[in-house]
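These notes are about the structure you will find just below.
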Amino acid sequence: MYRVSVSALKPGMRIGRSVVDVTGRILLTAGTVLKPSYIQYLKQRGIPAVYVINELAPDVSLPEVVSPETRTRLAAELNRAVAELREVMATRGTASLRSWANAQLSRVREAVAGVVDEILRQPQAVFHLQEIRTHDDYTLQHSVDVCILSVLIGVSLGYDERQLRDLGLGAVLHDIGKVTIPEAILKKPGPLTAEERAEIQKHTTRGFEILMHCGEFSFHVAHVAYQHHERWCGGGYPRGLKGPEIHELARVVAVADVYDAMTSDRVYRPGYPPERALRNMLEVVPDWFDPRVLAALVENVAIYPVGTLVELNTGETAVVTGVVKGQAARPRVRVLRDPAGRPVREPWEVDLAADPTYWIVRTFAEVPPALAPELQEAVGMMD
Ligand SMILES: [Fe+2]
């Protein structure tokens, strides 16, 4: 399975993963064969990309670190809580935040506990690919993915279950202060003016104030909202804290937030592949992050997610079929084509972690060359 942007979709391709909206409603079911009208529908809904089955290895499915049900439940609870919060802020003010927290945030907290439980049950699982987001629900799905990634990092850092729940709740609420920022600024497609940027940056302090008014919610959770844009080397906002002055949970969420933002599709650019996002974080801006947290991120994300088509040093083309924690750069792969590009008669698997004579040279972008010409022929027949 691999991600294809909607503009590159062709009739005849098969959807590998159901496309759902924030309420959990299925827009297109996994296995659906695309027709021109479906592609049009995806464009109308503002969906930037979908996962498509690789027809050369259709049995390779994406392992989920958290089940779609648990993920959807968290997204739906967060969606409801945020909608209610907007209403509270607009009509009743901060005095009503405590009752909002009791009614709504307690449900979000339970959904986060579900995420933590599932992650603890799969100690070898790594993060492959995030949920596809429409432009409208970007912040919501981003918050859910930041929660999952943060909890994975927290497990590597040795956190206990209570700490993981605080971390997960802080992560899923990290941008909650954005409810107070005008939509016109949040969704502005072009570059921001200095005033607009200053306005957006207020989401940290506003989020902190909201969560501190909620009473029962811990101090730690509010500090994630407050400090997730601080940088290890200083120079972040709102206070320009440095190193250990920054709350540890906020340092974890800062790493998950930047990684997820880099790898996701936006209106103005497609997401970076995991490999490039990690390289940026490790080489271009490494001093933004707590080095322990950054190392834990590397341990927990699949550099070559399952379903990625890669070229090996031998010139053969292979598809990634399995990734194990700690061996992200050396996954298990299935060889599909010989160095001349001909399909191999019997595809065979090699575990790169166990065989040092093989390594990955590069990945194929979105539409792999393997799709031509036989699949295009099949597509032609279905038009
Ligand atoms: Fe933020």
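Tabulated data for the structure shown
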read-out	value
Filter pass, Leu42 being assigned to a strand (DSSP E or B) and farther than 24 Å from Asn300 by Cβ	no
Residue count, the range 294-315 (criterion: in contact with a Pro (Cβ under 6 Å, 6 or more places away or on another chain) and not aliphatic (A, V, I, L, M))	2
All positions within the range 115-124 that are in a helix (DSSP H, G or I) and either modelled with pLDDT under 90 or within 17 Å of Leu140 (Cβ to Cβ) (or both)	Val115
Any pair with Cβ under 6 angstrom, 6 or more apart, that starts in the range 153-181 at a residue that is assigned by TED's automatic domain parsing to the domain that holds Ala261 and farther than 16 Å from Arg121 by Cα and ends at one that is within 16 Å of the ligand (Cβ to nearest atom) and not in a helix (DSSP H, G or I)	His174/His228
Sole residue being more than 13 Å from the ligand (Cβ to nearest atom) and at pLDDT below 90, chosen from Glu216, Glu195, Glu209	Glu216
Some residue of the range 64-80 being of a type in the set (A, V, I, L, M, F, W, C), at pLDDT below 85 and part of a loop (DSSP other than H, G, I, E, B)	no
Any hit, the range 286-295, residues being under 26 Å from Met1 (Cα atoms) and of a type in the set (Asp, Glu)	no
Test: residue in the range 360-370 that is among the acidic types (Asp, Glu) and free of Cβ contacts under 8 Å to residues at least 60 places away in the same chain	no
Residue in the range 118-139 that is within 16 Å of the ligand (Cβ to nearest atom) and of a type in the set (A, V, I, L, M, F, W, C) present	no
Gly158 more than 13 Å from the ligand (Cβ to nearest atom) and on the phi > 0 side of the Ramachandran plot	yes
Condition check for Ala296: farther than 30 Å from Val155 by Cα and either surrounded by 15 or more Cβ atoms within 10 Å (Cβ to Cβ) or at pLDDT 90 or above (or both)	no
Residues satisfying the stated conditions in the range 165-192, i.e. crowded, with 24+ Cβ neighbours inside 10 Å and either part of a helix (DSSP H, G or I) or away from the ligand (no atom under 14 Å from the Cβ) (or both)	Leu167, Gly168, Leu169, Gly170, Ala171, Val172, Ile176
Test result for Arg71, among the charged types (D, E, K, R) and more than 22 Å from Lys187 (Cβ to Cβ)	yes
Cross-chain or 6+ apart pairs with Cβ under 8 Å, the range 222-251 first and of a type in the set (Lys, Arg), then away from the ligand (no atom under 11 Å from the Cβ) and part of a helix (DSSP H, G or I)	Arg231/Asp287; Arg231/Trp288; Arg251/Val293
The lone exception for Ile148 - which of (1) farther than 30 Å from Leu62 by Cβ; (2) more than 16 Å from the ligand (Cβ to nearest atom) it fails	(1)
Residue under evaluation Gly16, criteria (1) in contact (Cβ under 8 Å) with a residue 60 or more places away in the chain; (2) crowded, with 21+ Cβ neighbours inside 10 Å; (3) assigned by TED's automatic domain parsing to the domain that holds Leu140, criterion not met	(3)
Hits in the range 253-284 - residues which are out of contact with any Phe, Trp or Tyr (no Cβ under 9 Å at 6 or more places or on another chain), of a type in the set (Val, Ile, Thr) and at pLDDT 85 or above	Val253
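The values are calculated or read from the model by the stated rules, or taken from the named source; none is laboratory data. Just so it is clear, the structure is predicted and the values come from calculations on it, not from any experiment. Note: ideal-geometry Cβ built from the backbone for every residue, glycine included; neighbour counts use all protein chains shown.
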